[in-house]
Structures are given as C-alpha cells and as structure tokens.
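Presented below is the structure to which this report refers.
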Amino acid sequence: MNIEEAIETRRSVRAFTDQEVPENVVRKIFELAIRAPSGTNTQPWHAYTCAGIVRDKIIADVTKLFDAGLADRYEDYEYYPPEWKDIHKERRRKIGWDLYGLLGIKKGDRVRTAIQAKRNFCFFDAPVGIFFTTDAYLARGSWSDVGLFMQTFMLAARAEGLHTCPQAAWITFQGPIFTHLQIPSDQVIVSGMALGYEDTNAVENTLESEREPVDQVVKFYGF
C-alpha cells in the first residue's frame with residue numbers, strides 16, 4: 001500500500017472483529033511511527049499498549065465508572081473548550097448525527113445514545129488499545145508533536161491492513177488507565193486509540209466524515 005492509499009483509506013473505525021493483532025505487528029508499526037518529526041527532536045511522546053487481560057481490566061473499571069456517571073470533564077484537562085464556536089459546534093453535531101442516523105438512534109433517545117457512547121470504552125471491540133501520553137509540563141508544541149506521532153502510527157497501521165480509531169473519550173476516565181498501565185503521574189494522556197481489523201459488516205463503518213474544500217481552509221500566496 002502506498003502513502004496515498006494509506007491516507008485515503010484511513011478513517012475512524014468504530015467496529016472491529018475479534019481477530020488478534022500479534023505483538024510483533026504492533027511493534028513493527030511503532031518502529032515506523034517512531035520516525036515522526038518533533039520540534040528540535042524532543043520526541044515528547046510515550047505510548048502504552050494493552051491487550052488480553054490488561055485490556056479487559058481497563059474496560060471493566062472504566063465502564064463501571066461510566067455507568068455510575070463518574071466521568072471527569074474535558075475542561076479539567078484543558079482538552080476541549082467549555083464553549084465551542086458555531087462552526088466547530090456544527091461540525092461536531094453533524095458527525096454525531098450522521099453516525100447515529102446510520103445506527104438508527106433518534107434525537108432524544110438517551111438510552112441508545114449512552115449505549116453507543118459506552119462502546120468507546122470497549123475500544124469498539126478492537127483487541128488492542130493504545131494510550132498516547134506526553135510529559136505534563138510540556139506545552140502546545142509538544143502536544144502537536146504527539147499528534148504527528150499518532151498520525152504516522154495510523155498510516156503505518158494501514159500498511160499492515162489494520163484500522164484505528166483515535167479516542168479522546170478516554171480523557172475523562174484516566175484513573176484506571178494510569179493504574180493498570182503504571183503510567184507515571186508526571187505524564188498526561190493525549191489520546192486513546194483502538195487498533196484492529198475492521199468489521200466490514202458493521203453499518204457504522206460506512207460513515208464518511210466530510211472535509212471542507214481545500215480553498216476553504218488553505219490560502220495560497222506568491223504562486
């Protein structure tokens with residue numbers, strides 16, 4: 001698979017098969033991703049992978065907190081703003097309702113909405129979960145670098161026939177993750193991620209998120 005194919009076929013998959021992903025394959029993907037750029041080569045990223053019993057323990061503890069309504073707020077970690085501007089709010093709502101539409105979840109159906117939200121914390125059934133962190137004292141530039149690392153990982157995963165779903169949702173349940181993966185307290189989670197083989201029969205995987213036209217977001221000068 002060439003780089004253009006990897007970019008074009010990468011998407012957030014929200015239903016995976018239970019086919020296992022061997023450790024050597026995950027390691028190979030990381031060996032490619034580690035070539036991601038970072039400002040002054042600081043490489044301000046860490047990654048923690050989980051499968052098998054460790055993955056299951058994280059899922060059990062986090063879903064218990066989810067059911068009890070004990071989520072932290074994104075604002076507690078300065079991850080998302082407390083209020084969104086209209087353009088970003090509209091994009092968030094659209095992708096949400098596009099997904100719910102495919103799943104037959106109607107507006108106001110809080111029960112089915114919660115059930116779908118809870119699937120985040122099962123890694124959408126992916127056999128491998130990953131948590132990307134950075135050192136807590138670092139600032140915006142380093143978070144950007146971690147994003148480059150994650151994107152490189154996701155593209156490398158496509159070369160192995162795998163799919164991913166980066167997941168901000170885990171930000172709101174960090175306690176069990178830090179405990180089970182022995183993450184040092186001076187780090188902070190940037191994102192979770194599901195990794196596995198796509199369930200091609202799942203309707204949610206037909207979702208295609210829209211993108212603005214290039215001329216809407218990119219300005220060209222001096223050409």
### Task
Could you pull the Cα extents of the chain along its three principal axes, largest to smallest, in whole Å?
54, 39, 37
### Query
Which residue, 95, 171, 59, has the most motion in a Gaussian network model of the chain that connects Cα atoms within less than 10 Å?
95
### Query
Most fluctuating residue of 26, 111, 128 in a GNM of the chain with Cα springs under 10 Å: which is it?
111
### Message
What is the distance in Å between the Cα centroid of the range 1-68 and that of the range 124-144?
### Response
10
### Query
Could you give the semi-axes, largest first, of the ellipsoid that matches the range 67-132, computed as the square roots of 5 times the alpha carbon gyration tensor eigenvalues and rounded to whole Å?
20, 20, 13
### Query
Contour minus end-to-end for residue 182 and residue 5, with contour as 0.36 nm per residue of separation and end-to-end as the Cα-Cα distance?
60.1 nm
### Task
Would you list, by chain and number, the aspartates and glutamates whose Cα falls below 14 Å from the Cα of residue 107, excluding same-chain residues fewer than 8 positions away?
98
### Query
Tell me, what is the FRET efficiency for residue 140 and residue 84 to the nearest 0.05, using R0 = 25 angstrom and their Cβ-Cβ distance as r?
0.85
## Note on the structure
Extension length gain for residue 214 and residue 60 (0.36 nm per residue less Cα distance), in nm, is 51.2 nm
### Task
Past 28 Å, Cα to Cα, is the threshold; run 85/106; 85/219; 28/64; 57/94 against it and keep the listed order.
28/64; 57/94
### Query
Once you charge only the Cβ atoms, +1 for Lys and Arg and -1 for Asp and Glu, what is the size of the charge dipole of the chain about its Cα centre, to the nearest 20 debye?
440
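Can you classify the range 97-152 as rounded, prolate or oblate using the Cα gyration tensor, where a ≥ b ≥ c are the square roots of its eigenvalues, rounded means a/c under 1.5, and otherwise it's prolate if a/b beats b/c and oblate if not?
Here the range 97-152 falls in the prolate category.
If you take every residue apart from residue 6 with its C-beta less than 15 Å away from the C-beta of residue 6, what net charge results, scoring Lys and Arg +1 and Asp and Glu -1?
0
Bear in mind these aren't lab numbers, they're just calculated from the coordinates by the rules spelled out. Fair warning: this is a prediction, and the values are worked out from it, not measured in the lab. Methodologically, a virtual Cβ is constructed for each residue, glycine included, from the backbone with ideal geometry; neighbour enumeration extends over all protein chains shown.
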